[in-house]
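Report on the following structure.
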Amino acid sequence: MKYLDNAKTKTADTNERIASGNRFKRISDDVSAGTRVLRVRSDLAKTEEHYDNVKAINEQMATTETTMMSISDILVDVHSKKVIRALDDTAGEAGRNALANEIKAMREEILQFANTKYGTFYVLGGSTATAPPFTLGTNGELLYNKVSVDNILYDEINGHYYDSDSGNPIPMDDPVYADIGIGIRMQGSDVESDTAFKMSYSGLEVLGFGVNSDGISKNVYNQLAEIEKAIRANDMEKLRAYDNELVLATDKLTANLTDIGAKTNFLDTIQKGLENRIDSFNSQVNTFMGINDAEEAMNQTMNDYVLKAILQLGSNILPMSLMDYLR
């Protein structure tokens, strides 16, 4: 019975190692390897958390990039197709109204893209987290966090947008930074921007804000609204003026696309590096405590042989009882 118990224990231990893929389950089974495994697993857990953060930020930035590209495509289409056709004297009133209706629909698309969300985060809302950043006022004017975009200016010294009427900074438009492992540092309650990754975009950077010296809105949504009106009224001078400003706004949006493209490439590189580190740590854990498949297969075969031999021996030396005989 003693030999039988030992054979069953060895068989169970071998099967457990094969099932789990681990040579041991307690540090006391192999103190040296177990200590190394604990250290590597600690590094692995930190790296996996770092990887999850970078991956989430990368996915958000990809959503932001897609949103910007969609808005850019609309603006290019308006300039290169709709405005050019409207400037054609042969378009006629019916043709101009049709073009104006198309631009109106595209303007509504831009508003939807401007309020794109990734999870609960508005990708063009700065630090806005509770409500869509872009809404329409009572007169149909575009508002950013409840402030008319045409009334917004940028403070170069303090680095923030503000309402030209009240002089107050635009609410919920602070930059959002993330730690992606480049050594983030704080200066009081503020993040040192050169030590962190800026993951937020203000919609004002993308869609534009304020007016030019001629009083023409620099915001693409408002520009499309005026272009629509100019086409309906057959006001070619106004149409050209707003189209020129639209081209400038499109060029600025293209610059933002270049910036976010560089950021997503940077994040891709970091994410790939973290994936390689995770693979390396998993490989080290497997080296320290992983089983040798061929060796364990041989052990399993030997255990089965020994167990059967002991059972056969037991059947020969243990006497049959009366009940065994009757059965």
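Going through segment 151-180 one residue at a time, which ones are in contact with a Lys or Arg (Cβ under 8 Å, 6 or more places away or on another chain) and within 21 Å of residue 211 (Cα to Cα)?
Within segment 151-180, just 171 meets the criteria.
Any residue in segment 248-257 that is free of Cβ contacts under 8 Å to residues at least 60 places away in the same chain, crowded, with 20+ Cβ neighbours inside 10 Å, part of a helix (DSSP H, G or I) and acidic (Asp, Glu)? If you could, list the steps in order and put the result at the bottom.
Taking segment 248-257 first, the residues free of Cβ contacts under 8 Å to residues at least 60 places away in the same chain are 248, 251-252, 255.
Restricting the remaining residues to those that are crowded, with 20+ Cβ neighbours inside 10 Å gives none.
Checking segment 248-257: not a single residue is free of Cβ contacts under 8 Å to residues at least 60 places away in the same chain, crowded, with 20+ Cβ neighbours inside 10 Å, part of a helix (DSSP H, G or I) and acidic (Asp, Glu).
Does segment 258-269 hold any residues that are surrounded by fewer than 14 Cβ atoms within 10 Å (Cβ to Cβ) and among the hydroxyl-bearing types (Ser, Thr, Tyr), and which are they?
Within segment 258-269, 258, 269 meet the criteria.
Condition check ((1) aliphatic (A, V, I, L, M); (2) farther than 30 Å from residue 223 by Cα; (3) modelled with pLDDT under 95) across all residues:
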residue: 20; (1), (2), (3): no, yes, yes
residue: 25; (1), (2), (3): no, yes, yes
residue: 29; (1), (2), (3): no, yes, yes
residue: 36; (1), (2), (3): no, yes, yes
residue: 40; (1), (2), (3): yes, yes, yes
residue: 89; (1), (2), (3): no, no, yes
residue: 92; (1), (2), (3): no, no, yes
residue: 106; (1), (2), (3): yes, no, no
residue: 124; (1), (2), (3): yes, no, yes
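Output the strands (runs of 3 or more DSSP E) that fall wholly within segment 126-175 and possess 3 or more residues being touching a strand residue (DSSP E or B) at 6+ places or on another chain (Cβ under 6 Å) and of a type outside the set (A, V, I, L, M), or say none. First the steps, then the outcome.
Working: elements: 134-136, 142-144, 152-155, 160-163.
Here the list reads 160-163.
What are the pairs with Cβ atoms under 7 angstrom where one residue, in segment 130-146, is under 13 Å from residue 220 (Cα atoms) and in contact (Cβ under 8 Å) with a residue 60 or more places away in the chain and the other, located anywhere, is assigned to a strand (DSSP E or B) and polar (S, T, N, Q)? Sequence gap at least six, or different chains.
Close Cβ pairs (under 7 Å, with a partner that is assigned to a strand (DSSP E or B) and polar (S, T, N, Q)) amount to 141/148.
Results for (1) within 29 Å of residue 66 (Cβ to Cβ); (2) among the charged types (D, E, K, R), shown as yes or no for each residue.
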{"site": "227", "(1), (2)": "yes, no"}
{"site": "240", "(1), (2)": "no, yes"}
{"site": "258", "(1), (2)": "yes, no"}
{"site": "282", "(1), (2)": "no, no"}
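Could you list all residues from segment 55-87 that are modelled with pLDDT under 95, among the polar types (S, T, N, Q) and over 30 Å from residue 273 (Cα atoms)?
Result: 80, single match.
Checking residue 320 against (1) modelled with pLDDT under 75; (2) in a helix (DSSP H, G or I); (3) surrounded by fewer than 17 Cβ atoms within 10 Å (Cβ to Cβ), only one condition comes out false. Which one?
(2)
Here are some residues: 105, 86, 100. Which one is loosely packed, with under 13 Cβ neighbours inside 10 Å and not aromatic (Phe, Trp, Tyr)? If you could, list the steps in order and put the result at the bottom.
On the way: 86 fails: loosely packed, with under 13 Cβ neighbours inside 10 Å; 100 fails: loosely packed, with under 13 Cβ neighbours inside 10 Å.
Residue meeting the stated conditions: 105.
Kindly check whether there is at least one residue in segment 68-77 that is free of Cβ contacts under 8 Å to residues at least 24 places away in the same chain and surrounded by 14 or more Cβ atoms within 10 Å (Cβ to Cβ).
No, because not a single residue in segment 68-77 is free of Cβ contacts under 8 Å to residues at least 24 places away in the same chain and surrounded by 14 or more Cβ atoms within 10 Å (Cβ to Cβ).
Can you give me the number of residues within segment 213-270 that are among the hydroxyl-bearing types (Ser, Thr, Tyr) and within 30 Å of residue 47 (Cα to Cα)?
Filtering segment 213-270 down to residues among the hydroxyl-bearing types (Ser, Thr, Tyr) leaves 213, 217, 221, 242, 250, 254, 258, 264, 269.
Of the ones still in play, those that are also within 30 Å of residue 47 (Cα to Cα) are 258, 264, 269.
Number satisfying all stated conditions: 3.
Could you grab me the full set of residues in segment 208-236 that are β-branched (Val, Ile, Thr) and assigned to a loop (DSSP other than H, G, I, E, B)? Spell out the reasoning first.
To start, the set of residues in segment 208-236 that are β-branched (Val, Ile, Thr) comprises 211, 216, 220, 227, 231.
Once the filter is applied, which keeps residues that are β-branched (Val, Ile, Thr) and assigned to a loop (DSSP other than H, G, I, E, B), segment 208-236 yields only 216.
Pairs please, first residue from segment 37-64 and more than 30 Å from residue 124 (Cβ to Cβ), second anywhere and of a type in the set (D, E, K, R), Cβ atoms under 8 Å, 6+ apart in sequence or on different chains.
47/277
Taking the criterion of being free of Cβ contacts under 8 Å to residues at least 40 places away in the same chain and on the phi > 0 side of the Ramachandran plot, would at least one residue in segment 95-115 satisfy it?
No: segment 95-115 contains no residue that is free of Cβ contacts under 8 Å to residues at least 40 places away in the same chain and on the phi > 0 side of the Ramachandran plot.
Of the residues in segment 111-125, how many are in contact with a strand residue (DSSP E or B) (Cβ under 9 Å, 6 or more places away or on another chain) and in a helix (DSSP H, G or I)?
The qualifying residues number 2.
If a residue must be in contact with a Phe, Trp or Tyr (Cβ under 9 Å, 6 or more places away or on another chain) and within 19 Å of residue 181 (Cα to Cα), how many such residues does segment 25-44 contain?
So the count comes out to 4.
The values are calculated or read from the model by the stated rules, or taken from the named source; none is laboratory data. Treat the numbers as computed from the prediction; the structure is a model and nothing was measured. Cβ: placed from backbone, ideal geometry, glycine included. Neighbour counts: every protein chain shown.
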